[in-house]
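Asks: One structure is given below, represented as structure tokens, and several questions about it will come after.
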Amino acid sequence: MTSPQHLQSLLADLGLEQAATFTAVHGGDEDTVIRLFGGNPEHSRPLLLEELREHYDRDLILVSRSGPAVIVVENNNYQGSRQEVLRPLSRHGRTASVYWNVNAVSQLSLAEDGLISSAFEMIAPEDIPFGAPPDAWQPLLEGLTLDDGHLWGTGLAAVERATGARFDNSWVRGPHRAVEITRVPEYLLGQGLIDSPLLKREPFISYLASLGPSLLQPMRRHALDLALAHADLREHPLAVAALTAATLPVGARARLHRELTSLYEQAHLRARAMLIGEPQVFEPEWERPSHLVFRQAIVFGVLARCVAAHLPTPTGGLPDILSFLVTAMTGDGARVEEFWMVKHLHDAARTAA
């Protein structure tokens with residue numbers, strides 16, 4: 001295995017230490033790997049690895065072989081970190097990738113037999129990893145340190161261990177094939193969702209049967225109802241009024257908007273004050289008393305946004321609120337699980353719009 005320090009230095013020499021993805025497939029075929037990344041192997045051309053730094057704004061991959069593995073390098077792109085790419089690749093051999101960007105987002109991924117085995121954020125390795133056996137990385141990381149100042153080099157070393165690839169001088173010299181790619185479409189429902197029992201009952205059966213723009217409004221209302229229940233606001237008089245804001249006179253709508261905005265601000269301040277007096281360590285974190293008030297603040301803010309959409313004239317329905325509700329749906333349990341399924345389907349329906 002190449003040392004993390006050497007690999008970190010290599011990244012600096014190549015100009016890839018800011019944002020890149022390295023993917024390796026044990027036993028893979030170059031042309032097959034190119035196709036699964038969304039490229040056409042017949043359109044490949046030679047390119048030096050050191051020249052990849054000049055192609056930071058294009059969907060370009062650099063493909064080569066190192067020992068038993070096919071290696072794909074991306075500059076300022078992340079396709080090799082996506083399950084839509086990793087899972088099909090892993091049907092041709094164990095696949096590993098490491099991704100990082102300038103916003104301190106990173107991911108170390110391992111996939112086998114068509115499934116993500118383990119994927120986690122390298123900057124926060126203590127977070128629960130995602131995957132079928134989520135601890136699959138552990139034996140491969142033995143002896144490696146994820147906080148030693150050579151983080152991306154450590155990720156590359158882990159990819160070497162997992163796939164047999166070698167990021168050595170022989171590999172650096174090439175040859176390498178550059179290929180323009182087209183982004184592989186996202187899964188409608190990815191790993192961990194497709195087998196959910198929620199999909200076997202209504203309204204999810206109907207959502208899947210005709211997923212498209214016509215379902216955006218019912219899914220937004222579904223998500224809002226879940227958030228209201230999660231924040232214990234389902235019976236709040238202003239929440240009830242907000243759900244029928246389109247039927248109110250314009251003056252009443254404007255007043256309702258002001259009142260909801262005020263409740264949002266008050267709840268935010270109250271949550272912050274409560275948090276100061278709470279223990280620093282609280283398990284589980286989302287059951288802090290202040291978190292309920294914070295969730296209420298978020299939902300009041302979303303309701304104010306919904307009412308504002310009807311000012312001065314009523315509109316056809318709810319605005320796109322799911323991204324705002326995400327921060328209110330903390331914790332676990334059936335209600336949170338249902339919300340996330342609604343959000344995934346809503347995002348897919350919005351894409352189809």
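Computed from the coordinates by the stated procedures, all read-outs in this text should not be read as laboratory data. All of these numbers come straight from a predicted model, not from anything done at the bench. Here Cβ is always computed from backbone atoms with ideal geometry, including for glycine, and neighbour counts include all displayed protein chains.
Asks: Quick one: what are the phi-derived ³J(HN,Hα) couplings along segment 69-79, Karplus 6.51/-1.76/1.60 with θ = phi - 60°, whole Hz, x for glycine and proline?
Replies: 10, 9, 10, 10, 10, 10, 9, 6, 8, 9, 4
Asks: A further question on this structure: Can you list residues from other chains, or at least 5 along the same chain, whose modelled amide H is less than 5 Å from the amide H of Ala178?
Replies: Arg45, Leu47, Val63
Asks: Separate question: Pop the C-beta distance of Ser170 and Ile128 into the FRET formula with R0 = 41 Å and round what comes out to the nearest 0.05.
Replies: Details: r = 38 Å, r/R0 = 0.93.
Taking R0 as 41 Å, the efficiency between Ser170 and Ile128 is 0.60.
Asks: Pairing the Cα long axis of helix 216-230 with the longest principal axis of the chain, what angle in degrees results, from 0 to 90 and rounded to the nearest 10?
Replies: 80 degrees
Asks: Starting from segment 236-322, pick out the chymotrypsin sites (Phe, Trp or Tyr not before Pro) whose DSSP state is loop and whose Cβ has at most 14 other Cβ atoms within 10 Å.
Replies: Values: sites: Tyr264, Phe282, Trp286, Phe294, Phe300; in loops: Phe282.
The qualifying sites are Phe282.
Asks: About its Cα centre, how strong a charge dipole does segment 197-352 have in debye, to the nearest 20, once Lys and Arg get +1 and Asp and Glu get -1 at the Cβ? Kindly include the intermediate steps, with their values, before the conclusion.
Replies: Numbers: 16 positive and 15 negative charges, 108 e Å.
Once rounded to the nearest 20, the dipole reads 520 debye.
Asks: Residues with amide H under 5 Å of Arg58's amide H, sequence separation 5 or more or different chain, H placed in the peptide plane at 1.01 Å from N; which?
Replies: For Arg58, no residues qualify.
Asks: Here's a follow-up. So, counting K/R as plus one and D/E as minus one, what does the shell of residues with Cβ under 14 Å around Leu248 add up to?
Replies: On the way: positive: Arg253, Arg255, Arg258; negative: Glu259.
Surrounding charge for Leu248 is +2.
Asks: Could you work out the longest stretch of the chain that avoids the GluC sites (Glu not before Pro) located in DSSP loops with at most 12 other Cβ atoms within 10 Å?
Replies: Numbers: sites that count: Glu126, Glu142, Glu235.
Here the longest run is 1-125.
Asks: Across all directions of projection, what mean area in square nanometres is found for the Cα convex hull of segment 4-180? Write down the numbers at each step before the final one.
Replies: Working: hull surface 35.1 nm².
Reported value for the Cα convex hull: 8.8 nm².
Asks: Give me the extension gain from Ala229 to Glu142: residue separation times 0.36 nm, minus the current Cα-Cα distance, reported in nm with one decimal.
Replies: Here the answer is 26.9 nm.
Asks: Compute the distance from the alpha-carbon center of segment 310-339 to that of segment 28-43, in whole Å.
Replies: Between the Cα centres of segment 310-339 and segment 28-43 lies a distance of 40 Å.
Asks: With Cα extents along the principal axes in Å in mind, check (i) 58, 49, 42; (ii) 73, 47, 39; (iii) 66, 49, 34 and report the label derived from this structure.
Replies: (ii)
Asks: For segment 85-140 and segment 252-278, what is the centre-to-centre distance using only Cα atoms, to the nearest Å?
Replies: Between the Cα centres of segment 85-140 and segment 252-278 lies a distance of 40 Å.
Asks: Estimate the FRET efficiency between Arg258 and Tyr56 by the formula 1/(1 + (r/R0)^6), using the beta-carbon distance for r and 51 Å for R0, to the nearest 0.05.
Replies: Numbers: r = 47 Å, r/R0 = 0.92.
It comes to 0.60.
Asks: Further question on the same structure: Quickly rank 92-99, 323-330 as a protection proxy: mean count of other C-beta atoms within 10 Å, highest first. Please list the in-between numbers first.
Replies: Details: 92-99: 25.2, 323-330: 17.8.
The packing order, highest mean first, is 92-99, 323-330.
Asks: Sticking with this one: Normalised by the residues of segment 26-82, what does the relative contact order come to in percent, with Cα pairs under 8 Å and at least six apart? Let's see the in-between values first.
Replies: Details: 52 pairs, mean separation 21.8, N = 57.
Across segment 26-82, relative contact order equals 38 percent.
Asks: Using alpha-carbon pairs under 8 Å, 6+ residues apart, how would you state the relative contact order of the chain in percent? Intermediate values should be presented prior to the final figure.
Replies: Numbers: 605 pairs, mean separation 63.8, N = 353.
Averaging sequence separation for qualifying contacts and normalising by length gives 18 percent for the chain.
Asks: Oh, and also: I'd like the Karplus ³J(HN,Hα) series for segment 139-145: coefficients 6.51, -1.76, 1.60, θ = phi - 60°, whole numbers in Hz, and an x wherever there's a Gly or Pro.
Replies: Along segment 139-145, the couplings run x, 7, 9, 4, x, 9, 10 Hz.
Asks: Estimate the FRET efficiency between Leu238 and Leu269 by the formula 1/(1 + (r/R0)^6), using the beta-carbon distance for r and 25 Å for R0, to the nearest 0.05.
Replies: After rounding, the FRET efficiency stands at 0.90.
Asks: Follow-up. Counting each pair of different Cα atoms once, what's the Kirkwood radius of segment 197-352 in Å, rounded to one decimal?
Replies: Numbers: mean 1/r = 0.0608 Å⁻¹.
About 16.5 Å, per the Kirkwood formula over Cα pairs.
Asks: Could you run the Karplus curve 6.51 cos²θ - 1.76 cosθ + 1.60 with θ = phi - 60° over segment 234-250 and give me ³J(HN,Hα) per residue in whole Hz, x for Gly and Pro?
Replies: 4, 9, 5, x, 6, 5, 4, 5, 5, 6, 10, 4, 5, 8, 8, x, 4
Asks: Rounded, prolate or oblate: which one fits segment 88-130, using the alpha carbon gyration tensor with axes a ≥ b ≥ c (rounded when a/c is under 1.5, else prolate when a/b beats b/c, else oblate)?
Replies: On the way: a/c = 3.82, a/b = 1.82, b/c = 2.10.
Oblate shape, in that a/c is at least 1.5 and b/c is the bigger or equal ratio.
Asks: Can you tell me the length gained on complete extension of the stretch Asp195 to Gln5, counting 0.36 nm per residue apart and subtracting the Cα distance? Walk me through the intermediate numbers first.
Replies: On the way: separation 190, 0.36 × 190 = 68.40 nm, distance 4.18 nm.
In short, 64.2 nm is gained.
Asks: When Lys and Arg each count +1 and Asp and Glu each count -1, what net charge do the other residues less than 14 Å away from Gly93, Cβ to Cβ, add up to? Write down the numbers at each step before the final one.
Replies: Details: positive: Arg65, Arg87, Arg91, Arg94; negative: Asp29, Glu30, Glu112, Asp113.
Combined, the nearby Lys, Arg, Asp and Glu give 0.
Asks: In degrees between 0 and 90, to the nearest 10, how far off the longest principal axis of the chain does helix 151-163 point, with axes built from Cα atoms?
Replies: Between helix and principal axis, roughly 70 degrees.
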